[in-house]
1. Suppose R0 equals 30 Å; then what is the FRET efficiency for Arg97 and Glu242 from their Cβ-Cβ distance, rounded to the nearest 0.05?
2. How far apart, in nm, are two points set 7 Å out from the Cα along the Cα-to-Cβ line at Phe106 and at Glu479?
3. Karplus couplings for the range 300-314 from phi (6.51 cos²θ - 1.76 cosθ + 1.60, θ = phi - 60°), rounded to Hz, Gly and Pro as x?
4. If you wrap the range 99-193's Cα atoms in a convex hull and average its projection over all directions, what's the area in nm²?
5. I'd like the orientation of helix 467-482 relative to the chain: the angle between its Cα long axis and the longest Cα principal axis, in ° from 0 to 90, rounded to 10.
6. Please check the chain for the longest run free of GluC sites (Glu not before Pro) that are loop-located per DSSP (anything but H, G, I, E, B) and have at most 14 other Cβ atoms within 10 Å.
7. Using the charge dipole of the range 266-388 (Lys, Arg: +1 at Cβ; Asp, Glu: -1 at Cβ; taken about the Cα centre), state which of Thr313, Ile349, Ala373 has its Cα farthest towards the positive end.
8. Please report the spacing between the Cα centers of the range 510-535 and the range 15-54 in Å, no decimals.
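Coordinate-derived values only; no laboratory data. Nothing here was measured: the structure is a model prediction, and the numbers come from that model. All Cβ positions, glycine included, derive from the backbone under ideal geometry; neighbour counts span all protein chains shown.
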Amino acid sequence: MSDAPQRFDAVIVGAGFSGMYMLHRLRELGFSCHVLEAGDGVGGTWYWNRYPGARCDSESMYYSYSFSSELEQEWNWTERYPGQPEILKYLNHVADRFDLRRDITFDTRVNAAHYDEAANEWTITTAAGDTLVATFCIMATGCLSSPNAPGITGLDTFEGATYHTGEWPHEGVDFTGKRVGIIGTGSSAIQAIPLIAEQAEHLTVFQRTPNFMVPAHNGPLDPEFERDWKADYAEWRRKGRESFGGFPYPAGNRSALELSAEEQLEAYEEAWKIGGFRFLSTFYDLIINEDANETAAEFVRSKIAQIVKDPETAQKLMPRDYPIGTKRLALDTHYFETYNRDNVTLVDIKTNPIEAITPSGIRTADDEHTFDAIVFATGFDAMTGALSKIDIRGRGDLALQEKWEAGPKAYLGLGIAGFPNLFTITGPGSPSVLSNMPVSIEQHVDWIADCLVYLRERNVVAIEATVEAEEAWVAHVNEVAGFTLFPRANSWYIGANIPGKPRVFMPYVGGVGPYRARCNEIAAKDYDGFALTSV
Ligand code: NA7
């Protein structure tokens, strides 16, 4: 980049699923735009998360872009759920096919984005000190992109190797013959543990909270299934867009409580056989009714008891203190069976807490563990972490961090009062992480693209969420969350995994279909709830 700041209609931060599609849409519409990306390639989440077993929990046929039917038809997925290498290959294919790289600068982390009120422009500053100037600043920074490294005493003293699942070495890691400790039992750990256990001499798992899981039943994609999908792709996509979670299968239409225990069991067994997230759609009331939820939770606990041979370990692995589905449900491929191996030990750190990391390993209240490597599968500062790392300043030099001190506030998860012409893709207050992400990403990107065309056609130079609309939306987001069991869990949805993070339920649980309708209605009413400034 040269010394003089380059000027664009829009600067997009991040080249994952969102940033790539945003670039494509805006460029097609004739806007000048540029993407800044911290990694040395496209992919975002799928660029960084290269740990063993990294795989998407949404199925291949719908964890993909829908904007190009040619792309849909030409790309062939190989498995029911796409593995990280295959998703990354897909995103690289998309980057090549739509010639995206020429407008992306890689290896460039954004440190600051400041709005100049007088000039009505954003100045985006990179870690290297380069600046870009743009009318619109679009944050495509991802919801799970700021790794959480727990501040455990003595971390720096450890003499072995340490890894975070979200920042995995590109060359991979060979654990053969190694004594390995892994902290965390969320979705990433659940995928990594069975594979690390196969390689390592010994694997010790440090569990703070046991997780509910249902089988993934991954396997090669049946070519006939793929053909059927491709023959009717538009209809499958429509179903996904209009659904609750962005998944194109029907929501449950029965209450768990209408059925006898035997009938419930039959329904859960059937869902267990199918595998995947649709387990939670077995009945419509699993996420809103505690008694209904408990029937599903108990079913999963009974499965753990059947799979895990050592009764004491099985007990430790059974989640009991939050409703199923209120922390992110994980999909299981030989996770529970892994605890039947002789070289795997489970340490429950609720009863036997980690006291320190030592030069040789981990010391808990009761034991001393020696390791060659420690894996942190400790998750992310979700939804707001990546935004908080950037010094974002709006009108009157207001810092986003300051505005969000008591928790994030945004209108539709798209715009923020005090921050004109700044958009967040899948930001807090939108369905985002509670949905099949590409569906929510495309909806946001399309909404922003349409919005920018609307502004251009009317000579509107600035758009900003009003405080009233933002407050009302945040109240609505909280109200809807309050109708569900979600707030009962110490989840990353509520910021509970990050010490000191305000407890606010961040995603919108109203469903992607109704949310889309609301966003469209707001756009149709000339961006109701946004203040528009014309030249
Ligand atoms: P998650 O789901 O946030 O899991 C992180 C795990 O690490 C979880 O078991 C946490 O326990 C545990 N954790 C976090 N901090 C600590 C500390 N300080 N000490 C001990 N244990 C800790 O992250 P993932 O990467 O697995 O998955 C993220 C998302 O990616 C996932 O939900 C999917 O959407 C894909 P906790 O449950 O907080 O007690």
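1. According to the calculation, E is roughly 0.60.
2. 4.8
3. 5, 4, 5, 5, 4, 4, 6, 7, 8, 6, 7, x, 5, 5, 4
4. Quarter of the Cα hull surface area: 10.3 nm².
5. Tilt relative to the chain: about 20 degrees.
6. The answer is 202-404.
7. Ala373
8. 25
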